[in-house]
Amino acid sequence: MAGTKIDPKVQYALWARSAGRCQYRGCNESQVGDLLAGKTMGKFGFVAHVIGDEPKGKTGKGGPRYDPVRSAALAGDIRNLMLLCGRHHKLVDVDAKDDHPEAVLLAMKDEHERRIEIQTSILPDRASHVLRFGANIGSNQALVSRQDIFDAMIPERYPDNDGRPIDLDMPGFSFEDTEPAYWHGLQSNMRRQFADQVRGRIERQEIRHLSVFALAPMPLLIELGRMLGEIVKVSVYQRHREPETWKWQSDKSPIEFVIGEPTAATGTTVALKLGVSATVNDERIEAVLGASIPIWSVTAAAPGNDVMRRPEDLAAYRKNLRGLYDRIKAVHGENAMIHVFPAVPVSVAVETGRVWTPKADLPLLIYDQNRKSGGFFPAVEIRHV
């Protein structure tokens, strides 16, 4: 135990910097109040030294990590103090003190205080309701964990509604995904849930911003984006594989998007190839629509599963696709339909639907790749209702 009497002002500052939570890495337990014991105003944390102070005991050996030169100078210095719960105070000072050298404890203190500073500096107008959309992809469960969501949003945004997400969860169906009833059922269910849980609250201005975390087949993600449209401000997040996180990364060069136009752009049946996460060969589209089909495209010069790393790339995709929607309509006329063949990351799929404008753009027929046959089948139709 510390032999130095710490200035109360220094203690208050330490409690403030730690937000009243244990600074041991991975703990974060609140040290203010104990509801179970009925002591809601009590303080239970320990103000502990990193470099031990000189004790008043008889041994004169000094506390854990005692330094005969620095201990006296650092005894009351906030840079040498940590707020710890009882369990971790005993761990670092008694049970496993040799496993907790100065550098390790200072790193824990710094990480904790920087995190508190970042989180408490977020302005109130950065609140966002979380929309979590999940539909099983094969046998994989699709809902994103709340911890992954919080880690991705902070410090740009923080979860509103006490951190409780709005869940749109698609039920399973006994139909095959090559049957129209399969996609019709999912689309109808999705629209009802969105109307009940999201649209009304937006119209009542209860929701002013949405943070979207979605894992589902691409046709449903595009339909989700279509429903979101421009009715509310939206941030769409992307799951990354390396590292495994939903937080946007900035470790790659900007994506180079390539816009493709057909040499013979005629007729009212048009194909739109979206190849960002994988290559979609023209032959696969022609197998569905015929060899003479005009194919327009937005593709990444170097497609890949983890290619979408930066929100700036998502904005660039939106701009390219918006221009292409306009261009296709200008060339093929008001009565054309766009048959969409997507191989894109989840965030790109959502934005593909959000970019589409009711009344102004041509209707879309979204295709899905069947897992068994490997071919494309029509799944979801999007048009002005």
Original post:
Whose amide H sits under 5 Å from the amide H of ARG21, counting only residues 5 or more places off or on another chain, with H placed in the peptide plane?
Top reply: GLN31
Original post:
Between LEU210, LEU364, LEU91, which gets the highest mean-square fluctuation from a Gaussian network model of the chain, Cα cutoff 10 Å?
Top reply: LEU91
Original post:
Sorted from largest down, what three extents in whole angstroms do the Cα atoms of the range 124-236 have along their principal axes?
Top reply: 47, 29, 19
Original post:
What is the range 327-385's relative contact order, in percent, from Cα pairs under 8 angstrom and six or more apart in sequence?
Top reply: 33 percent
**OP:** Determine the gain in length on full extension of the stretch HIS184-ASP98; use 0.36 nm per residue of separation and subtract their C-alpha separation, reporting nm with one decimal.
**Re:** 24.6 nm
Subject >> ARG226, ARG115 arranged by Cβ crowding within 10 Å, fewest neighbours leading >> reply: ARG115, ARG226
**OP:** Please compute the net charge surrounding VAL280, taking Lys and Arg as +1 and Asp and Glu as -1 over other residues with Cβ under 15 Å from its Cβ.
**Re:** -2
**OP:** May I ask what percent, to the nearest 5, of DSSP beta bridges between residues of the chain are antiparallel?
**Re:** 40 percent
Subject >> Likely footprinting exposure, VAL32, VAL144, fewest C-beta neighbours within 10 Å first >> reply: VAL32, VAL144
Original post:
Gaussian network model of the chain, Cα springs within a sub-10 Å range: biggest mean-square fluctuation belongs to which of SER235, SER277, SER18?
Top reply: SER18
Original post:
Counting other C-beta atoms within 10 Å, which of ARG191, ARG164 has the fewest, and how do the rest follow?
Top reply: ARG164, ARG191
Subject >> Label zone at VAL331 (point 7 Å along Cα-to-Cβ), backbone N below 13 Å, the range 257-282 >> reply: 259-273
Original post:
Which of these, ALA301, ALA96, ALA265, has the largest mean-square fluctuation under a Gaussian network model of the chain (Cα springs below 10 Å)?
Top reply: ALA96
**OP:** Using only alpha carbon pairs under 8 Å that are at least six residues apart, calculate the relative contact order of the chain and give it in whole percent.
**Re:** 13 percent
**OP:** Would you indicate which of (1) 24, 41, 23, 12, 1; (2) 29, 60, 10, 0; (3) 28, 55, 16, 0 is the value of P(r) over Cα pairs in 20 Å bins from 0, in percent derived from the coordinates of this structure?
**Re:** (1)
**OP:** Treat the range 218-336 as a sphere of radius equal to its Kirkwood radius over Cα pairs and apply Stokes-Einstein at 10 °C in a medium of 1.306 mPa s; give the translational diffusion coefficient in µm²/s, rounded to a whole number.
**Re:** 99 µm²/s
**OP:** Can you tell me the FRET efficiency between GLN147 and ASP125 if r is taken as the Cβ-Cβ distance and R0 is 22 Å, rounded to the nearest 0.05?
**Re:** 0.35
Subject >> J(HN,Hα) series, the range 356-365, from Karplus relation 6.51 cos²θ - 1.76 cosθ + 1.60, nearest Hz, glycine and proline x >> reply: 5, 10, x, 6, 8, 9, 6, x, 10, 10
Subject >> Which listed pairs, of LYS9/LYS90; LYS319/LYS359; LYS9/LYS97; LYS329/LYS359, have C-alpha distances above 22 Å, in listed order >> reply: LYS9/LYS90; LYS9/LYS97
Subject >> Leading residue at positive end of dipole, the range 238-384 (Cβ point charges), from VAL258, TYR367, SER297 >> reply: TYR367
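Values in this text are rule-based calculations from the coordinates and carry no lab data. Because the structure is predicted, anything quoted here is derived from the model rather than measured. With ideal geometry, Cβ positions are generated from the backbone for all residues, glycine too; neighbour counts draw on all protein chains shown.
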